[in-house]
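Enquirer: Have a look at the structure that comes next, please.
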Amino acid sequence: MSVNAPGPLGWRQVFAAQLKVCFLRRRRGQAIFLAFVLAQVVALAGFGVILGLNISIDGEETTVAMAPLENLEKAMNVSAEQAVSGLAIAFHIMAVFAFFFPFAIWSNEQPSKRGYHWAMPVDRRTHDLARVAAGVVMLLGMLTIVYGVSMLVSLVSGNSAGLGSLSLTFWLALFVGPLLPYALNSVLLVRCEHPAGWLWGGLGALALISTFSTVLHVKGVTRLIEIVFAGSWGLLQGIVGPIWSEWAGRPTTGGAEWLGVWVLWMALFVVGIVVAASARTRSR
Amino acid sequence: MIIAIDPADTRPIYLQIMDEVRRSVVVGTAQADEPLPSVRQLASELRLNPNTVQQAYRELEREGVVYVRRGRGTFVSEVETTERERFRLAQTVAERALRNAYRNGLSLDELIAAVRRAAEEMNVEENS
Amino acid sequence: MRPQLVKSLNGRPMAVSTRALTKSFGSQVALDRVDLTVPEGSIYVLVGPNGAGKSTTLNALVDLVRPDSGGIEVLGRSASEAGPAVRAEIGYVPETTDFGYGKLTARELIDHHSRYFAAWDAAYAEQLGADLEVVYDKRFGKLSKGQARRVQLVMALAHRPRLLLLDEPTDGLDPLGRDRVLEILADHAASSPTTILVSTHVIHELEGLGDCLGALRDGRLIAQLERDDLGDHLHRVRAEAAEGWTPSSDLVEQSLVRKASGRELDWVIWGDAEALPSRFAHEGAEVRDVARLNLEQATRAILRMEVN
């Protein structure tokens, strides 16, 4: 068996290695994911069966736990778009999941314990970015499986009527929407020793600022926060734009404009991740 | 040939190896043209730095106790050198005994007398 | 005249060379102007009390820690600028066995590791695994410290790196295991051109292997010299002198450790074996014995000496 000359590693091999190791590190996670997909199948099948019997639903949900949406009831009663609902519900679950996914990617490897990772013959920043990229690929893979299962079940149970009417941006958003929360949290996970702390701290700070400015009647600050997060170019739009406009009937950003919003926020987060990966602090 | 190092001995290790080889030659456990263990073998066996073993073999070659055949190893030279080696060995043993004696405050005469007495008790004949 | 115990070991190419390496963590000084020089092909034993800066030094060499000031050259290149290229030729066994990969089996971890090193020799890795009795199919996180160490050693040695950085390589291993590791290191040194820098508390294990000694204390390099230099010049002198004998300041300066009890003196001093008896005699003490020191004894003396 021949042995090659030593030298630093090319990015392709690094990426492949990181993909494999992320996969291996989360064995239990894989089992949980599979269980989730199964639950999804059951829920959708059940959903289809019930609707096939023409029983109208009062907004009761039997799918896996999710944040309640005020428009869900409306969506259920609007049309025979159960297949789309299946997708949309899965989307919301996955978007939340995507936000927390970086914790899985970087488990037990906060900067003070990332010595092994950084001692490899790869530039530190490149190596961290490769890990983040591997997470993206894994996430897209999971999204594909979840949406694929959803569509399959819908097809099989004869509820796929609505799928054809979805716009391209809807389909795109299904996949790239969750990448925003993933990217956002990745900034924290790459850089911070106690990312959860920063997360809660950040939220707390926002809430505090918001409360104080309301109490002190300083409209500007609360308004600013609102715009940044929920405005027509806000973060929320970037994540859910087309989904909410086509499925929940909300007046949200869609189409080409949405794409612009998404790109803006993604660029911001990518810059954040690169900066985070370039930092050398006391524990790095 | 079995080469052993005494961990308690603080003399340079390469000297100890050399003495061991010489000892084997003198005592007769090493035949002429017998191969010495390779540097790698001896180093790993005795948990030694290969440079140390290398140094010992080099010095032995310089003294003519062993000879080297490129690619084949190190071998014991013709045993005509026994005479010289015995002499050397005796010197080493004597030096050690003298140092020990001095450390314990004994004189040369006291040491010689004690050696003779001990030899008697151990039934070792002179000129044997 | 105080003996100069920190030599720069020049005259040979250096595998590692630091210049005034300084690093602090907050207010804690971890390294203080360290001039470490590790000759190529040597087996350098780095000793020092806990917290002396040994692990920080090793971390600095793989660029896990950036110095506050000073330069680090590893294998002829800057450790920070040429980091990845240099690390491709380094085998590093850190002190810890906990680095977040506990869910992988040993086999998977070694496989993952092997992808990063073009020079990985799979046959050698297998042989090492067998010699070290690696438990392949258990999760790395579930292995005992000794078992984990064995895996780390395979990971470090299998690509035959030009430089091995070993931080307590035998930690957690039982006596047979420790012996086996030493055997493997000796064999490795004999069959691959390599430099080994070992940081350890168990100095007696390296009596046969070590040919350079470096001592750190409170972040400062208080000694660095070749084994032969050490053996030829550092001696334990036992002598007799009248009660209340006071040595000259010159003699005291040359010494590292001084013990006296009644008429007996037990010193560790720097000097030539032939010259010492007369030097003591000159001051009224009669030397009974001048003995060389092994690495362990020398280390203890060096770490005990007063340094200003």
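The values are calculated or read from the model by the stated rules, or taken from the named source; none is laboratory data. A quick note: this is a predicted structure, and the numbers were derived from the prediction, not measured. Neighbour counts are summed over all protein chains in view; Cβ atoms, including those assigned to glycine, are modelled from backbone coordinates with ideal geometry.
Enquirer: Looking for something of a type outside the set (V, I, T), surrounded by 14 or more Cβ atoms within 10 Å (Cβ to Cβ) and within 21 Å of the chain's Cα centre (by Cα) - is there at least one such residue anywhere in segment A:196-212?
Expert: Checking segment A:196-212: at least one residue is of a type outside the set (V, I, T), surrounded by 14 or more Cβ atoms within 10 Å (Cβ to Cβ) and within 21 Å of the chain's Cα centre (by Cα).
Enquirer: Counting just the residues of segment A:232-284 that are closer than 30 Å to C:G26 by Cα and not in a helix (DSSP H, G or I), which one comes out modelled with the lowest pLDDT? If you could, list the steps in order and put the result at the bottom.
Expert: Keep residues of segment A:232-284 that are closer than 30 Å to C:G26 by Cα, which gives A:271-284.
Pick out the ones that are also not in a helix (DSSP H, G or I) and you get A:279-284.
Details: A:A279: 87, A:R280: 81, A:T281: 66, A:R282: 57, A:S283: 46, A:R284: 43.
Ranking the qualifying residues of segment A:232-284, first place goes to A:R284.
Enquirer: Then there's this: For segment C:114-126, does any single residue satisfy the condition of being modelled with pLDDT under 95 and in contact with a strand residue (DSSP E or B) (Cβ under 6 Å, 6 or more places away or on another chain)?
Expert: Within segment C:114-126, not a single residue is modelled with pLDDT under 95 and in contact with a strand residue (DSSP E or B) (Cβ under 6 Å, 6 or more places away or on another chain).
Enquirer: Name the residue that is nearest to the other protein chains (Cβ to nearest Cβ), counting only residues in segment B:59-86 that are exposed (fewer than 11 other Cβ atoms within 10 Å of the Cβ), at pLDDT below 90 and assigned to a helix (DSSP H, G or I).
Expert: Per the criteria, the residue is B:E83.
Enquirer: Return the only residue of C:T37, C:T22 being over 13 Å from the mean Cα position of the chain (by Cα), at pLDDT 95 or above and not assigned by TED's automatic domain parsing to the domain that holds C:G271.
Expert: C:T22
Enquirer: Consider B:R58 against the criteria (1) under 30 Å from C:H233 (Cβ atoms); (2) in contact with a Ser or Thr (Cβ under 9 Å, 6 or more places away or on another chain): it satisfies all of them except one. Which criterion is unmet?
Expert: Only one criterion in (1) under 30 Å from C:H233 (Cβ atoms); (2) in contact with a Ser or Thr (Cβ under 9 Å, 6 or more places away or on another chain) is unmet by B:R58, namely (2).
Enquirer: Hand me the list of strands (runs of 3 or more DSSP E) wholly inside segment C:17-92 holding 1 or more residues that are crowded, with 17+ Cβ neighbours inside 10 Å, among the aromatic types (F, W, Y) and touching a Cys at 6+ places or on another chain (Cβ under 7 Å). Don't jump to the end; show me each part of the working.
Expert: Details: elements: C:28-34, C:37-39, C:43-47, C:69-74.
Those strands (runs of 3 or more DSSP E) span C:43-47.
Enquirer: Which of the residues belonging to segment B:14-33 are among the polar types (S, T, N, Q) and part of a loop (DSSP other than H, G, I, E, B)?
Expert: Result: B:T29, B:Q31.
Enquirer: Right, something else. So, in segment A:123-137, exactly how many residues are hydrophobic (A, V, I, L, M, F, W, C), more than 18 Å from A:F99 (Cβ to Cβ) and surrounded by fewer than 21 Cβ atoms within 10 Å (Cβ to Cβ)?
Expert: Residues that pass the stated criteria total 0.
Enquirer: What is the residue count in segment A:24-36 for residues that are facing chain C (nearest Cβ under 10 Å) and either closer than 22 Å to C:E89 by Cβ or surrounded by 14 or more Cβ atoms within 10 Å (Cβ to Cβ) (or both)?
Expert: Filtering segment A:24-36 down to residues facing chain C (nearest Cβ under 10 Å) leaves A:24-29.
Cutting the leftovers down to either closer than 22 Å to C:E89 by Cβ or surrounded by 14 or more Cβ atoms within 10 Å (Cβ to Cβ) (or both) gives us A:24-26, A:29.
Selection size over segment A:24-36: 4.
Enquirer: If the requirement is being outside the structural domain of C:A60 (by TED's automatic domain parsing), surrounded by 19 or more Cβ atoms within 10 Å (Cβ to Cβ), touching a residue at least 12 places away in the same chain (Cβ under 8 Å) and not polar (S, T, N, Q), which of these qualifies: C:L206, C:L251? Please lay out each step first, then the result.
Expert: Values: C:L206 fails: outside the structural domain of C:A60 (by TED's automatic domain parsing).
Exactly one of C:L206, C:L251 is outside the structural domain of C:A60 (by TED's automatic domain parsing), surrounded by 19 or more Cβ atoms within 10 Å (Cβ to Cβ), touching a residue at least 12 places away in the same chain (Cβ under 8 Å) and not polar (S, T, N, Q), namely C:L251.
Enquirer: Another question, then. Quick one: which of C:A156, C:A215, C:A190 is buried (at least 24 other Cβ atoms within 10 Å of the Cβ) and at pLDDT 95 or above? Let's see the steps before the verdict.
Expert: Working: C:A156 fails: buried (at least 24 other Cβ atoms within 10 Å of the Cβ); C:A190 fails: buried (at least 24 other Cβ atoms within 10 Å of the Cβ).
Going through C:A156, C:A215, C:A190 in turn, the sole match is C:A215.
Enquirer: Of all residues in segment A:1-23 being more than 8 Å from every other protein chain (Cβ to nearest Cβ), loosely packed, with under 14 Cβ neighbours inside 10 Å and of a type outside the set (K, R), which is nearest to A:G135 (Cα to Cα)?
Expert: Here the residue is A:G10.
Enquirer: Turning to a different aspect of this structure: Out of all the residues in segment C:164-175, is one or more of a type outside the set (S, T, Y), away from chain B (no Cβ under 14 Å), under 20 Å from the mean Cα position of the chain (by Cα) and within 24 Å of B:V53 (Cα to Cα)?
Expert: Yes: one or more hits.
Enquirer: Can you report the number of residues in segment C:28-54 which are within 14 Å of chain B (Cβ to nearest Cβ) and among the small types (G, A, S)?
Expert: Residues that pass the stated criteria total 2.
Enquirer: Restricting to strands (runs of 3 or more DSSP E) lying wholly in segment C:205-306: which have 2 or more residues that are of a type in the set (K, R) and in contact with a Gly (Cβ under 9 Å, 6 or more places away or on another chain)? Break it down into steps so the answer makes sense when it comes.
Expert: Values: elements: C:212-217, C:220-226, C:234-240, C:255-261, C:264-270, C:286-292.
Passing ranges, in order: C:286-292.
Enquirer: Kindly indicate whether C:E183 is acidic (D, E), more than 11 Å from chain A (Cβ to nearest Cβ), under 30 Å from C:Q224 (Cβ atoms) and in contact with a Leu (Cβ under 8 Å, 6 or more places away or on another chain). Please lay out each step first, then the result.
Expert: Details: acidic (D, E): yes; more than 11 Å from chain A (Cβ to nearest Cβ): yes; under 30 Å from C:Q224 (Cβ atoms): yes; in contact with a Leu (Cβ under 8 Å, 6 or more places away or on another chain): no.
Answer is no for this residue.
Enquirer: Oh, and also: Just checking, which of C:A119, C:A125 is within 11 Å of chain A (Cβ to nearest Cβ), over 23 Å from the mean Cα position of the chain (by Cα) and surrounded by fewer than 17 Cβ atoms within 10 Å (Cβ to Cβ)?
Expert: On the way: C:A125 fails: surrounded by fewer than 17 Cβ atoms within 10 Å (Cβ to Cβ).
None of the other options fit; the residue is C:A119.
Enquirer: Find the residue count for segment C:222-265, including only residues that are at pLDDT below 90 and touching a helix residue (DSSP H, G or I) at 6+ places or on another chain (Cβ under 6 Å).
Expert: Qualifying residue count, segment C:222-265: 0.
Enquirer: Inspect all residues belonging to segment C:183-202 and state whether any of them is touching a residue at least 60 places away in the same chain (Cβ under 8 Å) and either on the phi > 0 side of the Ramachandran plot or charged (D, E, K, R) (or both).
Expert: Among the residues of segment C:183-202, not one is touching a residue at least 60 places away in the same chain (Cβ under 8 Å) and either on the phi > 0 side of the Ramachandran plot or charged (D, E, K, R) (or both), which makes the answer no.
Listed here are the residues, each with its yes/no results for (1) among the charged types (D, E, K, R); (2) in contact with a Phe, Trp or Tyr (Cβ under 8 Å, 6 or more places away or on another chain); (3) in a helix (DSSP H, G or I); (4) surrounded by 11 or more Cβ atoms within 10 Å (Cβ to Cβ).
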| residue | (1), (2), (3), (4) |
| --- | --- |
| B:P37 | no, no, no, yes |
| B:E45 | yes, no, yes, yes |
| B:L48 | no, no, no, yes |
| B:Y57 | no, no, yes, yes |
| B:A90 | no, no, yes, yes |
| B:R99 | yes, no, yes, yes |
| B:L106 | no, no, no, yes |
| B:A113 | no, no, yes, yes |
| B:R117 | yes, no, yes, no |
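Enquirer: How many of the residues in segment A:98-122 are under 24 Å from A:A31 (Cα atoms) and crowded, with 20+ Cβ neighbours inside 10 Å?
Expert: 6
Okay, residues lined up against (1) within 23 Å of the chain's Cα centre (by Cα); (2) away from every other protein chain (no Cβ under 11 Å); (3) over 25 Å from C:N10 (Cα atoms):
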position: C:E240; (1), (2), (3): no, no, yes
position: C:T246; (1), (2), (3): no, yes, yes
position: C:D272; (1), (2), (3): no, yes, no
position: C:A275; (1), (2), (3): no, yes, yes
position: C:E286; (1), (2), (3): no, no, yes
position: C:D289; (1), (2), (3): no, no, yes
position: C:A298; (1), (2), (3): yes, no, no
position: C:E306; (1), (2), (3): yes, yes, yes
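Enquirer: If you don't mind, there's one more thing I want to ask. Pick from C:H113, C:H159: which is within 14 Å of chain A (Cβ to nearest Cβ), closer than 24 Å to A:G10 by Cβ and either in contact with a Phe, Trp or Tyr (Cβ under 7 Å, 6 or more places away or on another chain) or of a type in the set (S, T, N, Q) (or both)?
Expert: Numbers: C:H113 fails: either in contact with a Phe, Trp or Tyr (Cβ under 7 Å, 6 or more places away or on another chain) or of a type in the set (S, T, N, Q) (or both).
Just a single option satisfies the conditions, and that option is C:H159.
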